[in-house]
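Report on the structure given below.
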Amino acid sequence: MMRTSECVIDLGALRHNLDRVRELRPQAKIMAMVKANAYGHGLIPVATTLASADALGVAFMEEAMQLRTAGVLTPIALLEGVFSPAELQVAAEQGFQIVIHHEQQLRWLLNANVRPLKVWVKVNTGMNRLGFRPEDLLKVWVALKHARQVGQLGLMTHLACADELRNNTTQAQLDTLARCQEEVQLNPCVEEISVANSAAILGWPQVQGDWVRPGLMLYGSSPLSEHSAASLGLQPVMSLRAAVMAVQPVKAGESVGYGGLWTAPQDQRVALINLGYGDGYPRTADASTKVAIAGRHYRLAGRVSMDMLAVDIGQDNVDLGAPVELWGKHIAVDEVAAGAATLAYELFCKVTARVPRRYLPGS
Ligand SMILES: *Cc1c(COP(=O)(O)O)cnc(C)c1O
């Protein structure tokens, strides 16, 4: 029997999801977010597939340099900006777009001798994480507007609650942003705005702007809890697969796995799958979490172990080596995430290095 766990990445689905962004926001430029190893999907193959985006968004310099080293020529934006004056030099040499979210980054830029960069000023409209407060924005904006280090200027903000369609935080953030635009007298002919993440692209048509910044939706997960990815026209990109490594008969009343959390309601079988939390499957997945074996849906039986997990197959029999999908085309990653009290963002990022990656070509 082969040990067959793998993480399959469907680059055709990735391309489809990029087209879906274009369909939803035909006027906008797209900054495709590929930070954190492209949400665990593999930075270089993903970036290469998304090369036709208007820019690729990464968190910081190391990720951007990996892209350049691999020969990816798409414009790149550093969403957390630079962490030192030396990095600013590199960013300018490489032509990276930078975000400025802090006074110190502003001073580094204004004191630097660099060729002009595209600079995004991040304004904190209510997320209260990164960014200048609205009352401090005008001063920053005026300083940058006339700075020789600035090629093009943009205004960026990030939404805290766009995944909740009935949360009025989003409208409050949009109102604050509108006041900021007015105060700095943003010139729409030469200065740009960027607001929308995946949730806003899909759920908030009133969130406008020159650039959108999709991440999660590109990977085929829904950021909106009331809407499945499929219903939003997204295709799953990652499939986490394994195989049946044993079938264990259990008698009614016997329990399975650590802590004996699951007890057989009848004389039956459980299937053991060669994949566990050591591979990135969430240990917190509850008994409602589905697993597909040879295309049929079952549920977990008991606690997920490091190297394996057990599945309640009732009276069914399954073949040793039968193909198992933990999430992907049959089982939506968002359902698994819900069963584990987390989000697909985290599941994607946590698939560990011991699971071999396999890429299906985009076309
Ligand atoms: C990660 C990130 C995004 C993308 O968010 P998704 O919810 O994955 O679409 C957009 N903007 C910023 C600033 C980010 O850090």
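The values are calculated or read from the model by the stated rules, or taken from the named source; none is laboratory data. This structure is a prediction, so every number in the text was calculated from the model and none was measured. Counting neighbours? That spans all protein chains shown, and the Cβs are built from the backbone with ideal geometry, glycine included.
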Exactly one of 170, 176 is without any contact (Cβ under 8 Å) to a residue 40 or more places away in the chain and either in the same structural domain as residue 15 (by TED's automatic domain parsing) or under 15 Å from residue 100 (Cβ atoms) (or both), and that one is 170
In segment 106-143, the residues that are basic (Lys, Arg) and either in contact with a Ser or Thr (Cβ under 8 Å, 6 or more places away or on another chain) or without any contact (Cβ under 8 Å) to a residue 12 or more places away in the chain (or both)
107, 122, 133, 139
Only one of 202, 137, 159, 144 is crowded, with 21+ Cβ neighbours inside 10 Å, in the same structural domain as residue 92 (by TED's automatic domain parsing) and away from the ligand (no atom under 16 Å from the Cβ), namely 137
Got a sec? Which of 343, 360, 320 is closer than 24 Å to residue 227 by Cα, out of contact with any Cys (no Cβ under 7 Å at 6 or more places or on another chain) and among the aliphatic types (A, V, I, L, M)?
343
Yes or no: segment 188-198 includes at least one residue that is touching a residue at least 40 places away in the same chain (Cβ under 8 Å), surrounded by fewer than 20 Cβ atoms within 10 Å (Cβ to Cβ) and part of a helix (DSSP H, G or I).
no
Looking at 162, 200, 196, 143, which one is touching a helix residue (DSSP H, G or I) at 6+ places or on another chain (Cβ under 6 Å) and of a type in the set (Gly, Ala, Ser)?
162
Name every residue in segment 256-283 that is modelled with pLDDT of 95 or more and surrounded by fewer than 13 Cβ atoms within 10 Å (Cβ to Cβ), in order of residue number.
265, 266, 267
Sole residue being under 18 Å from the mean Cα position of the chain (by Cα) and within 30 Å of residue 187 (Cα to Cα), chosen from 214, 282, 223, 236
214
Pick out the one residue from 222, 239 that is within 11 Å of the ligand (Cβ to nearest atom) and touching a residue at least 60 places away in the same chain (Cβ under 8 Å).
222
Members of segment 205-217 that are touching a residue at least 24 places away in the same chain (Cβ under 8 Å), touching a strand residue (DSSP E or B) at 6+ places or on another chain (Cβ under 8 Å) and more than 8 Å from the ligand (Cβ to nearest atom)
209, 210, 211, 212
Selection count, segment 46-59, where residues are touching a residue at least 24 places away in the same chain (Cβ under 8 Å) and over 15 Å from the mean Cα position of the chain (by Cα):
6
